[in-house]
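Read the structure below first, then the notes.
The values are calculated or read from the model by the stated rules, or taken from the named source; none is laboratory data. What you see is a predicted model, and the numbers here were worked out from it, not measured in a lab. Please note: Cβ atoms are built from the backbone with ideal geometry, for glycine as well, and neighbour counts cover all protein chains shown. Remember, those area values only see protein heavy atoms, side chains included, never the ligands or the DNA or RNA. Shrake-Rupley method; radii C 1.70, N 1.55, O 1.52, S 1.80 Å.
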Amino acid sequence: MLRGKTHAPVEAVAMVEPGHLAPPGFVERDLIEQPVRNGSGCVRRRWRAIFRSPTLERHGPFILDSVYAMTEIVLTGRSACPTTGYVHVNPGIDQMAGLAMLAQVEAVRTGRVRVAFDCKDDTGDAKFCRSRASILQDLATRKSWILSRDGGGFAVSLKGQTRSIVTMQFDPRNPDRVVVTKTYPAPF
């Protein structure tokens with residue numbers, strides 16, 4: 001599957017559950033590389049392999065349609081890299097910069113760094129934006145999921161036990177203020 005592509009050793013293969021309306025006759029698998037220690041965390045690539053059935057059958061036979069790589073990072077104080085807890089890094093973000101961004105997110109999310117919050121809730125949760133404490137209480141139940149560029153700054157999407165997503169937006173021109181938005185993801 002990865003013939004002709006530069007890659008590290010693959011340590012796991014995972015079935016991708018369709019979180020969207022996948023077309024009939026397609027299945028996806030993730031090939032997860034062995035992570036490498038990098039500064040304050042670990043970095044790995046996750047290769048998404050997409051297979052299709054020429055006859056659009058649900059159970060195959062399948063042929064490889066395409067493969068692409070995604071970068072994932074995790075902060076860790078341990079010398080060995082963990083196998084879980086990785087955050088997807090959107091293209092255009094350097095690995096070391098991503099780890100620094102993730103450290104900033106974790107410091108704010110856990111309340112170790114005090115910032116002012118601009119809060120918006122699109123889910124109808126009257127408690128979320130009520131106070132700094134209510135925002136931090138919600139953030140404490142979530143894990144970083146996707147790291148992205150956002151204008152001159154960056155944003156991180158966080159998932160929790162519910163369907164809602166919280167996005168934290170950081171602007172380097174205003175480092176003492178973070179915009180938090182609670183939404184439901186698009187249904188596809």
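Let me spell it out: the conditions are (1) closer than 24 Å to residue 159 by Cβ; (2) hydrophobic (A, V, I, L, M, F, W, C); (3) exposed (fewer than 15 other Cβ atoms within 10 Å of the Cβ), and residue 115 meets all of them except one. Which number is the exception?
Of the numbered conditions (1) closer than 24 Å to residue 159 by Cβ; (2) hydrophobic (A, V, I, L, M, F, W, C); (3) exposed (fewer than 15 other Cβ atoms within 10 Å of the Cβ), the odd one out for residue 115 is (3).
Being small (Gly, Ala, Ser) and either open to solvent by 40 Å² or more (accessible area, probe 1.4 Å) or closer than 27 Å to residue 101 by Cα (or both), is that true of even one residue in segment 43-60? Outline the logic, then answer.
So the first thing to find is which residues in segment 43-60 are small (Gly, Ala, Ser), and the list is 49, 53, 60.
Add one more test, that the residue is either open to solvent by 40 Å² or more (accessible area, probe 1.4 Å) or closer than 27 Å to residue 101 by Cα (or both), and what stays is none.
No, that holds for no residue.
Does segment 154-188 hold any residues that are surrounded by 15 or more Cβ atoms within 10 Å (Cβ to Cβ), over 17 Å from the mean Cα position of the chain (by Cα) and within 19 Å of residue 99 (Cα to Cα), and which are they?
Within segment 154-188, 171, 178 meet the criteria.
Whether any residue in segment 90-103 is over 19 Å from residue 44 (Cβ atoms), open to solvent by less than 30 Å² (accessible area, probe 1.4 Å) and at pLDDT below 95 is what I want to check. Full working, then the answer.
Start the filter on segment 90-103 by keeping residues that are over 19 Å from residue 44 (Cβ atoms), which leaves none.
Looking for residues that are over 19 Å from residue 44 (Cβ atoms), open to solvent by less than 30 Å² (accessible area, probe 1.4 Å) and at pLDDT below 95, one finds none in segment 90-103, hence no.
Would you confirm whether or not segment 119-142 contains a residue that is open to solvent by 30 Å² or more (accessible area, probe 1.4 Å), part of a strand (DSSP E or B) and within 15 Å of residue 171 (Cα to Cα)?
Yes, segment 119-142 contains at least one residue that is open to solvent by 30 Å² or more (accessible area, probe 1.4 Å), part of a strand (DSSP E or B) and within 15 Å of residue 171 (Cα to Cα).
Restricting to segment 80-99, and then to whatever is part of a helix (DSSP H, G or I) and touching a residue at least 40 places away in the same chain (Cβ under 8 Å), can you tell me which residue is nearest to residue 31 (Cα to Cα)?
Of the residues in segment 80-99, the ones part of a helix (DSSP H, G or I) are 95-99.
From the residues that got through so far, the ones that are touching a residue at least 40 places away in the same chain (Cβ under 8 Å) too are 95-96, 98-99.
Working: 95: 19, 96: 23, 98: 22, 99: 22 Å.
Among those residues, the one meeting the criterion is 95.
Taking segment 156-170 on its own, how many of its residues are within 12 Å of residue 88 (Cα to Cα) and of a type in the set (A, V, I, L, M, F, W, C)?
So the answer is 2.
Of the residues in segment 22-39, how many are assigned to a strand (DSSP E or B), surrounded by 15 or more Cβ atoms within 10 Å (Cβ to Cβ) and in contact (Cβ under 8 Å) with a residue 24 or more places away in the chain? Please lay out each step first, then the result.
Initial filter on segment 22-39 (assigned to a strand (DSSP E or B)): 26-33, 36-38.
Filter once more, keeping what is surrounded by 15 or more Cβ atoms within 10 Å (Cβ to Cβ): 26-33, 38.
Filter once more, so that each one left must be in contact (Cβ under 8 Å) with a residue 24 or more places away in the chain: 26-27, 31, 33, 38.
Final tally of qualifying residues: 5.
Residue under question is residue 77, and the condition is that it be open to solvent by less than 80 Å² (accessible area, probe 1.4 Å), in a loop (DSSP other than H, G, I, E, B) and within 19 Å of residue 105 (Cβ to Cβ); does it hold? Walk me through it before giving the result.
Working: open to solvent by less than 80 Å² (accessible area, probe 1.4 Å): no; in a loop (DSSP other than H, G, I, E, B): yes; within 19 Å of residue 105 (Cβ to Cβ): yes.
For residue 77, the condition - open to solvent by less than 80 Å² (accessible area, probe 1.4 Å), in a loop (DSSP other than H, G, I, E, B) and within 19 Å of residue 105 (Cβ to Cβ) - is not met.
Return the total of residues in segment 135-183 being within 17 Å of residue 86 (Cα to Cα), polar (S, T, N, Q) and touching a residue at least 40 places away in the same chain (Cβ under 8 Å).
2
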